[in-house]
RNA sequence: CGGGGCGUAGCGCAGCCCGGUUAGCGCACCACGUUAGGGACGUGGGGGUCGGAUGUUCGAAUCAUCUCGCCCCGACCA
């Protein structure tokens, strides 16, 4: 067969790419750095979108849509923003093609040059704040709490399926507020939403924290993030929430009249998560048999595999299978009855394990005789014989248990992959050994951060919000530090 | 843009150094039969301008020159 995936220990990157392809999630496009998300992969993304969208709406946000194209002049208005994105923009310079006069094919019509180039959005702060300027006059117009689901383009040098692609899907929230405090609360509220989603839907524990000066979003005052730990000991930034201060309001001249009649600049936030979460989900839980999906994000909760030789047997099994499927669907579960006669049961078992379906029910002649079914859970590979009449009643608790077990396993792993160190030697030793999060003292300077990055490839993932006050010495410079920060090598 | 590598069937590859019938293998695909509680087996079959161009030669997947494309490492990566 060609379905075996590389063992995880050999080369994690290769294993990850193999798995993405074998589980039918996505593939490289012929377009440079771009990705085709296949139906199964997209169905998982849809589950994420559905859950996140509800969480945003439950916290007072609404969806809208802004243009794909950003005039070059917009992007230039916020100095650090343009500096941060300038090197990775796709730029539209012309709007027409024509036949080459020498008959060599289609060429760009030089007469169709745009007066002002358009940038394919790498993020939408500028185009959105340009609208907000028109929408906001008074404190009565605030707050504005908008989210958009969109695609963006960042022309990165190197790409990797889901983790970093030239074009990717995401949501970006952009809010405007009358007070600094309110904007700061919004930033933190969204951070909590992201952490909640990561932990309760993705079953992936995260560290909530703040980015250092060197790692923050271009144009932000503060960048908060959630950082997750992958099974190879590398960290992955899974979501960011930015407090923009009045930077974009000033850049786009967005002022409002307060209750006292005085003009002030609006306070802003922006925040986003992307299809990179798919990569996180895969690398957080999968094993050598394939994906392990938490039930809350699984497109198929339960697959029923019949074991039969003859049409008659299949007919009898189908009757039972359809009863089970019908009853479960009535409760809102997604059930697939795979009655294909073109593949053998063993093939199907392996296929659904590869795809991470949480629960498999097998029904064969033996079960018909005994009035039982075989139930197998994907996370632990445990198999149980359950009475046919009880199975429907037991599935909800089983799915809950799988969700919890996957989370607990990841939490345990994150704990084991987190190490406190007090010397630079130990720091390097841990990074080169098991990797993971390394908690160490840092003097707070960008120079030290850059030097450590240069020497070890480890970056400050964040300053954890729950970091305890603890006097210590910077592992690099020996200067005093008030708390440990989270270092790791990262994707 | 530096360093390395690769373009041969849908996918993964061998063949190339040392030129020689009809270009091969695994997987996948199609047909038939036997199978079916953990990725079946047998037999038969279909599928290729060997990335492209030019050259050398009686003869090029193989040698030379040019060219196009892709991958990996580095630089880059809110």
What tally of residues in the range A:435-470 results from selecting those that are more than 19 Å from residue A:224 (Cα to Cα), out of contact with any helix residue (DSSP H, G or I) (no Cβ under 6 Å at 6 or more places or on another chain) and surrounded by 14 or more Cβ atoms within 10 Å (Cβ to Cβ)? 7
So, in the range A:58-94, how many residues would count as being under 26 Å from the mean Cα position of the chain (by Cα), surrounded by 13 or more Cβ atoms within 10 Å (Cβ to Cβ) and assigned to a helix (DSSP H, G or I)? 8
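With the requirement that a residue be crowded, with 21+ Cβ neighbours inside 10 Å and part of a strand (DSSP E or B), what does the range A:211-236 give you?
A:223, A:224, A:225, A:226, A:227, A:228, A:229, A:235, A:236 - these are the residues of the range A:211-236 that are crowded, with 21+ Cβ neighbours inside 10 Å and part of a strand (DSSP E or B).
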Could you list all residues from the range A:27-56 that are at pLDDT below 90 and crowded, with 20+ Cβ neighbours inside 10 Å? A:35
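Tally up the residues in the range A:350-377 that are touching a strand residue (DSSP E or B) at 6+ places or on another chain (Cβ under 7 Å) and closer than 19 Å to residue A:291 by Cα, please.
Of the residues in the range A:350-377, 13 are touching a strand residue (DSSP E or B) at 6+ places or on another chain (Cβ under 7 Å) and closer than 19 Å to residue A:291 by Cα.
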Tell me whether the range A:177-196 contains one or more residues that are touching a residue at least 24 places away in the same chain (Cβ under 8 Å), touching a helix residue (DSSP H, G or I) at 6+ places or on another chain (Cβ under 8 Å) and surrounded by fewer than 20 Cβ atoms within 10 Å (Cβ to Cβ). yes
Restricting attention to helices (runs of 4 or more DSSP H) lying wholly within the range A:302-421, give those where 1 or more residues are surrounded by 13 or more Cβ atoms within 10 Å (Cβ to Cβ), modelled with pLDDT of 95 or more and within 11 Å of RNA strand B (Cβ to nearest atom). A:311-330, A:345-354, A:365-370
Neighbours by Cβ (under 6 Å, 6+ apart or cross-chain): first from the range A:84-101, touching a residue at least 40 places away in the same chain (Cβ under 8 Å) and closer than 13 Å to residue A:218 by Cβ; second within 16 Å of RNA strand B (Cβ to nearest atom) and not in a loop (DSSP other than H, G, I, E, B): A:89/A:119
Of all residues making up the range A:143-155, the number that are over 11 Å from residue A:268 (Cα atoms) and crowded, with 18+ Cβ neighbours inside 10 Å: 6
Among the numbered criteria (1) touching a strand residue (DSSP E or B) at 6+ places or on another chain (Cβ under 9 Å); (2) modelled with pLDDT of 95 or more; (3) within 16 Å of RNA strand B (Cβ to nearest atom), which single criterion is violated by residue A:279? (2)
Checking the structure you have, find out if any residue of the range A:141-161 is more than 16 Å from RNA strand B (Cβ to nearest atom) and farther than 30 Å from residue A:185 by Cα. no
Against the definition (touching a residue at least 24 places away in the same chain (Cβ under 8 Å), under 16 Å from the mean Cα position of the chain (by Cα) and in a helix (DSSP H, G or I)), how does residue A:52 come out, yes or no? yes
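The values are calculated or read from the model by the stated rules, or taken from the named source; none is laboratory data. From a predicted model like this one, the values you see are computed outputs, not experimental measurements. Neighbour counts run over all protein chains shown; Cβ positions are idealised from the backbone, glycine included.
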